[in-house]
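This report refers to the structure that appears directly beneath it.
The values are calculated or read from the model by the stated rules, or taken from the named source; none is laboratory data. A quick note: this is a predicted structure, and the numbers were derived from the prediction, not measured. Reconstructed Cβ throughout: ideal geometry from the backbone, glycine too, with neighbour counts over all protein chains shown. Just the protein is used for accessible areas: all its heavy atoms, side chains included, with ligands, DNA and RNA removed. Shrake-Rupley method; radii C 1.70, N 1.55, O 1.52, S 1.80 Å.
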Amino acid sequence: MAELLKVIFEHDGIFLHPSPDEGSLDEDLLVSGFIRILEKDSEILVEYRPLEDSVDPSNILCAGQDSSSVVEWAQCPGEKSQSRQLLETQQSYETEWDMVNAVSFRKKNYTNGEGSLNHSHERSRWAFSVNISDLRSITVKDEGWAFLILQLKDSSSSLPALHFHQGGSREFLDSLRRFALLTECPEDETCLLVSTPNKALSQSFENLLDDNSFGLVHKFKRDPYVTTLGSFSKVTNYIYDALRGTEEQQQRPPEEVADLLGEVIPGLEINQQEEPGFEVITRIDLGVRPPVRRAEPLYADEWSKLQDPEGRIEDEVTLRQRIFKGGLCHAVRKEAWKFLLGYYPWTSTLEERKSLQKAKTDEYFRMKLQWKSISEEQERRNSRLRDYRSLIEKDVNRTDRTNRFYEGLNNPGLTLLHDILMTYCMYDFDLGYVQGMSDLLSPILYVMENEVDAFWCFVSFMDQMHQNFEEQMQGMKTQLIQLSTLLRLLDLAFWNYLESQESGYLYFCFRWLLIRFKRELSFQDVLRLWEVMWTGLPCQNFHLLVCCAILDSEKQKIMEENYGFNEILKHINELSMKLDIKEILQKAEGIYLQIRSCKDLPHSISTILGFDTERRVSNQTDPGSAPRPVPQQDVCSNGHCRENRPQNSCRGVFTS
Amino acid sequence: MTARKSLLKVILLGDGGVGKSSIMNRYVTNKFDAHLFHTIGVEFLNKTLEVDGNQVTLQIWDTAGQERFRSLRTPFYRGSDCCLLTFSVDDNQSFLNLSNWKKEFIYYADVKEPENFPFVVLGNKVDVTERQVSSEEARLWCQENGDYPYFETSAKDATNVAVAFEEAVHRALAADDKADHLIPTDTVKLHRKPRSATACCS
């Protein structure tokens, strides 16, 4: 029976640089191979295998032969080895040529067939496999690429240095951190001490970290690996640039820009330090992304059937799910959005809604009268109002002007947009008008076709978005940090790439987040996306998964073209109006399902997506309201409720 | 040695609505859209041009003008070779704010010698009939604040836009030559060193 062998991590393009005194026949020899982390009978092994190696266990000459640390290479079942051989023939040439192109190493020439046979045999000498509990330390060095030196506990001889010419050392260490604690050696910051505290690998590392004996991890100020390589990163860039023959002279400024942005968004670093799982659980196996189908939009006849004779929405939960899956046909939006945004309570009767609307109309016009009745003299002494008005006038003239509702001169839509924004300044004078708000109002007004309803729906939407626009832009910072945390989990390789391009704090997503993709999608697609998001399904902060979905579609281009800081920003900006809403929503939901089915989800992710809140909510037995996954009115969709949030008075009407 | 492509970073600053994006678009794409959206965040466009037989890539950065976005705008000031201070001739407040923009730029761009940094001032929207700022006022301000070149532009009908950017390029290159301790001459030559060179060797 074949032994149970699970590949946890695999990365190729790992080279050994044997020197002649290490017994190499050829001083130019570079051994190309791959590294793996394997789980075998609850033991975690680190294995290096050269390519062009016949898969024959007897060929393996383990480094540190006399050490108990070296375990034998476990043969995979036949099927697997066949596929690997295939992989080898495909990759052995490419890998070496990549090397030649990227770092100008001399490619070894094989002059005769015999030589290549000997060569193959020679290579097999370099395979090794070691149990991680026998590792004493890993030294991380950098020579324009990262190389790692693995030191064994009970052997004075070290294993050959592993040169990560094609990246992946960080991912390798991150994977290793799932099974071992890597702590910076006090004497040598390039050296990470390996400790394997517990062989029960199933035990959650979060629990482990709560244990006082591992308190050192909490005190661990910096991610040692980040620190170690961070100091080399600039050098690395210069070397790469020199070898690429780049003419770009803007190397320094983007880095400086990035440093400054890092100061602007300081939470990113803090977040990583505070996150206890960060050092350990940075990558989890998410499994295959399930295919997702979108449904047809909810049609008018369906909508009217959902109400009882008095006009109450009978099954809010099902309705939300229905809207999440298919959105709304346009005819239903005017009514349904009022519920989705919380202007109308789901349980209200038609009669109650009429009286609510009446009260809200009075309230609106009282506020509108306030700015309407300010004289020019008064305004001259009120610079804030003057500034708000001036900017609103300018921005109304450049918001969705190609839409029929706002096009042409003297279109009544423009007056309404202006008046509602001015009245909002009276509603929330501290915030006033901030650029971006006209983008948020425009689709709502377009759907409502009514000044008062549009205003109150806008107020509800602004309740969710308020923090984005506040003086310190805390909402933006929080979301960028949360998005970075999510992306790191979902796609560490891409996250690492962005980080290497000084873009790890995802500044290029600023516009997406500030105005919820309003500028990225066609007007009709914005309506669809927003109504889907307002259902509060399938989880809190679903819009961040929408970001992840878009980034997932773009990462290949970004990485293949080796985009730097500026190019990434430009590329993302230029995605505007090129995105497919259906595809994005399917992918975002797929990502949600992947995360959802993940067992050992880091706490930070559960918090961002509201899984922990949700559990609490569902445990409560609240006879007053139907259970729903995310109480949207209670949890701001940016996961951060602002303090002293103005009471949304429409809720008060029914409770008083 | 073959001619090296050079990259210049130019940044457009000024109040919201003075026409920064329109000026950039007019120069780069030669198009004007009266209903262009106001800028959210930061954007840039590249334009390649030839100066004295050498190729220069102009990287033009455009930002959101509202005060609220300052903290997310200012990091991009670093590394600028020239700053285009922009106001609208039909908006006196935008003219009064020029000195604030200049201050903000100098502070955040970490300019070594502010008195020698190449600023160019643009009074945009000269196509509009109701002016609030006269040419004289604007020229006086430019004279008193560092003898900056002043251009009255219209992104709408393309008046002076290209000229203003060309001046920006020449000023930026001239400033760079001075910084390299080369004798300033009337003809601008391109012999910029790669910025990374010094840092790389140190």
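Residue by residue through region A:546-584, note down the ones that are in contact with a Lys or Arg (Cβ under 6 Å, 6 or more places away or on another chain) and either open to solvent by less than 70 Å² (accessible area, probe 1.4 Å) or modelled with pLDDT under 95 (or both).
Selection gives A:Ala549, A:Ser576, A:Ile581.
Does A:Leu417 satisfy the criteria of being out of contact with any Lys or Arg (no Cβ under 8 Å at 6 or more places or on another chain) and in a helix (DSSP H, G or I)? Judged against the criteria, A:Leu417 is a match.
In the set B:Arg73, B:Arg68, which member is within 14 Å of chain A (Cβ to nearest Cβ), part of a helix (DSSP H, G or I), among the charged types (D, E, K, R) and open to solvent by less than 10 Å² (accessible area, probe 1.4 Å)? Outline the logic, then answer.
Values: B:Arg68 fails: open to solvent by less than 10 Å² (accessible area, probe 1.4 Å).
Result: B:Arg73 is the single residue among B:Arg73, B:Arg68 that is within 14 Å of chain A (Cβ to nearest Cβ), part of a helix (DSSP H, G or I), among the charged types (D, E, K, R) and open to solvent by less than 10 Å² (accessible area, probe 1.4 Å).
Inclusion of A:Gln540 among residues that are open to solvent by 10 Å² or more (accessible area, probe 1.4 Å), at pLDDT 95 or above and touching a Leu at 6+ places or on another chain (Cβ under 7 Å) is warranted.
Looking across region B:76-93, the residues that are polar (S, T, N, Q) and open to solvent by 10 Å² or more (accessible area, probe 1.4 Å) come down to B:Ser80, B:Asn92, B:Gln93.
So how many residues does region B:98-112 have that are open to solvent by 30 Å² or more (accessible area, probe 1.4 Å) and away from chain A (no Cβ under 11 Å)?
Looking only at region B:98-112, we keep the residues that are open to solvent by 30 Å² or more (accessible area, probe 1.4 Å), and these are B:99-100, B:102-103, B:106-108, B:110, B:112.
Filter once more, so that each one left must be away from chain A (no Cβ under 11 Å): B:99-100, B:102-103, B:106-107, B:112.
Result for region B:98-112: 7.
Inside region A:417-441, residues that are buried (at least 19 other Cβ atoms within 10 Å of the Cβ), of a type in the set (Phe, Trp, Tyr) and under 27 Å from B:Gly14 (Cβ atoms) make up a count of 2. Scanning region A:334-375 for residues that are more than 18 Å from A:Cys457 (Cβ to Cβ), surrounded by 14 or more Cβ atoms within 10 Å (Cβ to Cβ) and either touching a strand residue (DSSP E or B) at 6+ places or on another chain (Cβ under 6 Å) or without any contact (Cβ under 8 Å) to a residue 24 or more places away in the chain (or both) yields one hit, A:Ile374.
Inside region A:445-459, can you point out the residues that are part of a helix (DSSP H, G or I), under 10 Å from A:Gly413 (Cα atoms) and in contact (Cβ under 8 Å) with a residue 60 or more places away in the chain? Spell out how you get there, then give the answer.
Quick first cut of region A:445-459, residues part of a helix (DSSP H, G or I) only: A:445-448, A:451-459.
Of the ones still in play, those that are also under 10 Å from A:Gly413 (Cα atoms) are A:445-446, A:451.
Matches in region A:445-459: A:Tyr446, A:Glu451.
Anything in region A:442-451 that is away from every other protein chain (no Cβ under 11 Å) and open to solvent by less than 10 Å² (accessible area, probe 1.4 Å)? List them, or say none. Give the derivation first.
So the first thing to find is which residues in region A:442-451 are away from every other protein chain (no Cβ under 11 Å), and the list is A:443-451.
Residues satisfying the conditions are A:Pro443, A:Ile444, A:Leu445, A:Val447, A:Met448.
Residues in region B:76-97 that are within 10 Å of chain A (Cβ to nearest Cβ) and closer than 26 Å to B:Val128 by Cβ: B:Ser88, B:Asp91, B:Gln93, B:Ser94.
The criterion of at least 3 residues that are over 19 Å from A:Ala258 (Cα atoms) and open to solvent by 10 Å² or more (accessible area, probe 1.4 Å) is met by none of the helices (runs of 4 or more DSSP H) falling completely within region A:460-531.
Quick check on this structure: which one of B:Phe44, B:Phe32 is among the aromatic types (Phe, Trp, Tyr) and at the interface with chain A (Cβ under 10 Å from one of its Cβ atoms)?
Unique residue meeting the criteria: B:Phe44.
When B:Glu50 is tested against the conditions (1) within 14 Å of chain A (Cβ to nearest Cβ); (2) of a type in the set (D, E, K, R); (3) on the phi < 0 side of the Ramachandran plot, the lone failure is (1).
Screening the candidates A:Leu385, A:Leu414 for the property of being touching a residue at least 40 places away in the same chain (Cβ under 8 Å), crowded, with 19+ Cβ neighbours inside 10 Å, more than 10 Å from chain B (Cβ to nearest Cβ) and not hydroxyl-bearing (Ser, Thr, Tyr) yields one hit, A:Leu385. Residue count for region A:388-399 under the criterion of being more than 8 Å from chain B (Cβ to nearest Cβ) and either out of contact with any Cys (no Cβ under 9 Å at 6 or more places or on another chain) or surrounded by fewer than 18 Cβ atoms within 10 Å (Cβ to Cβ) (or both): the result is 2.
Look at A:Asn562 and say whether it is farther than 27 Å from A:Gly326 by Cβ, outside any helix (DSSP H, G or I) and out of contact with any His (no Cβ under 7 Å at 6 or more places or on another chain). It is true that A:Asn562 is farther than 27 Å from A:Gly326 by Cβ, outside any helix (DSSP H, G or I) and out of contact with any His (no Cβ under 7 Å at 6 or more places or on another chain).
Would a scan of region A:459-475 turn up a residue that is away from chain B (no Cβ under 14 Å) and among the acidic types (Asp, Glu)? Checked region A:459-475: at least one residue is away from chain B (no Cβ under 14 Å) and among the acidic types (Asp, Glu).
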